[in-house]
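Engineer: The structure that follows is given in the form of structure tokens.
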């Protein structure tokens with residue numbers, strides 16, 4: 001009787017030791033349950049330039065079609081694209097300087113196809129505004145992040161634009177002065193990981209953003225218009241959109257490239 005009781009106690013002690021060992025391994029190795037690992041963390045903002053100047057570049061229609069694919073790909077986590085926990089899409093521009101615009105939340109895109117998303121984008125974002133005001137857009141992003149307590153998550157801000165800010169004085173238009181007036185300060189301390197991605201600017205403007213826009217912690221990544229138009233060549237005609245692996249890989253490697261702060 002005593003021997004069986006002792007064996008039972010040893011068995012319980014052994015199971016407890018194994019449980020402690022597994023817990024220690026999880027804590028030491030940084031491992032998380034699969035459900036926690038798959039929980040979306042990305043906070044994604046998409047800004048679409050609705051000024052007439054962007055439309056005049058000839059890239060506006062292509063950019064909206066790309067934006068529809070980009071949103072759909074992230075919403076469905078296709079390829080290796082990261083599924084966002086939060087998504088907002090808004091316009092960059094206004095009829096007058098300083099005019100704030102509304103954001104469309106993630107719920108407006110759930111359950112929709114690429115074509116349906118594109119139809120909505122074209123309805124919501126008519127390219128007829130007079131001003132391109134990046135500062136108002138960045139301030140609006142910062143307000144949303146703070147209000148919704150998103151400061152502990154990685155934040156990606158994708159700007160679809162020719163990248164040229166409007167100026168009201170001749171002095172501000174000289175050289176890189178207009179780009180030095182782009183204010184990223186509201187984004188600087190929102191999170192440990194804030195990345196601004198500028199798509200569809202010409203190469204010269206992209207360099208101006210990289211070199212002249214003041215920033216400290218914010219990471220910058222630009223993809224110029226000559227590269228962006230290549231996204232359509234990644235599509236295999238006849239294949240379902242969910243199976244366009246070349247496209248999702250191209251987006252991952254060219255648009256969602258992980259920027260290190262050290263290269264800024």
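The values are calculated or read from the model by the stated rules, or taken from the named source; none is laboratory data. These numbers come from a predicted model, not from an experiment. Ideal geometry is used to build each Cβ from the backbone, glycine not excepted, and the neighbour counts take in all protein chains shown.
Engineer: Consider the stretch 57-90. How many of its residues are more than 19 Å from the chain's Cα centre (by Cα) and surrounded by fewer than 21 Cβ atoms within 10 Å (Cβ to Cβ)?
Structural biologist: Within the stretch 57-90, residues that are more than 19 Å from the chain's Cα centre (by Cα) and surrounded by fewer than 21 Cβ atoms within 10 Å (Cβ to Cβ) number 3.
Engineer: If you don't mind, another one. Could you list all residues from the stretch 206-264 that are over 16 Å from the mean Cα position of the chain (by Cα), in a loop (DSSP other than H, G, I, E, B) and in contact (Cβ under 8 Å) with a residue 40 or more places away in the chain?
Structural biologist: Listed by number, the residues that qualify are 215, 217, 244, 264.
Engineer: When residue 182 is evaluated against the numbered criteria (1) surrounded by 15 or more Cβ atoms within 10 Å (Cβ to Cβ); (2) in contact with a strand residue (DSSP E or B) (Cβ under 9 Å, 6 or more places away or on another chain), which criterion, by number, is the only one it fails?
Structural biologist: (2)
Engineer: Condition (residue is surrounded by 17 or more Cβ atoms within 10 Å (Cβ to Cβ), in contact with a helix residue (DSSP H, G or I) (Cβ under 6 Å, 6 or more places away or on another chain) and closer than 24 Å to residue 204 by Cβ) applied to the stretch 252-263: is it met by at least one residue?
Structural biologist: no
Engineer: State yes or no: is residue 54 at pLDDT below 95 and surrounded by 20 or more Cβ atoms within 10 Å (Cβ to Cβ)?
Structural biologist: yes
Engineer: Every residue in the stretch 51-83 that is assigned to a loop (DSSP other than H, G, I, E, B) and under 17 Å from residue 225 (Cβ atoms), please.
Structural biologist: Once the filter is applied, which keeps residues that are assigned to a loop (DSSP other than H, G, I, E, B) and under 17 Å from residue 225 (Cβ atoms), the stretch 51-83 yields 57, 58, 59.
Engineer: Follow-up. Among what's in the stretch 175-200 and is under 14 Å from the mean Cα position of the chain (by Cα) and part of a loop (DSSP other than H, G, I, E, B), pick the residue that is farthest from residue 142 (Cα to Cα).
Structural biologist: That would be 193.
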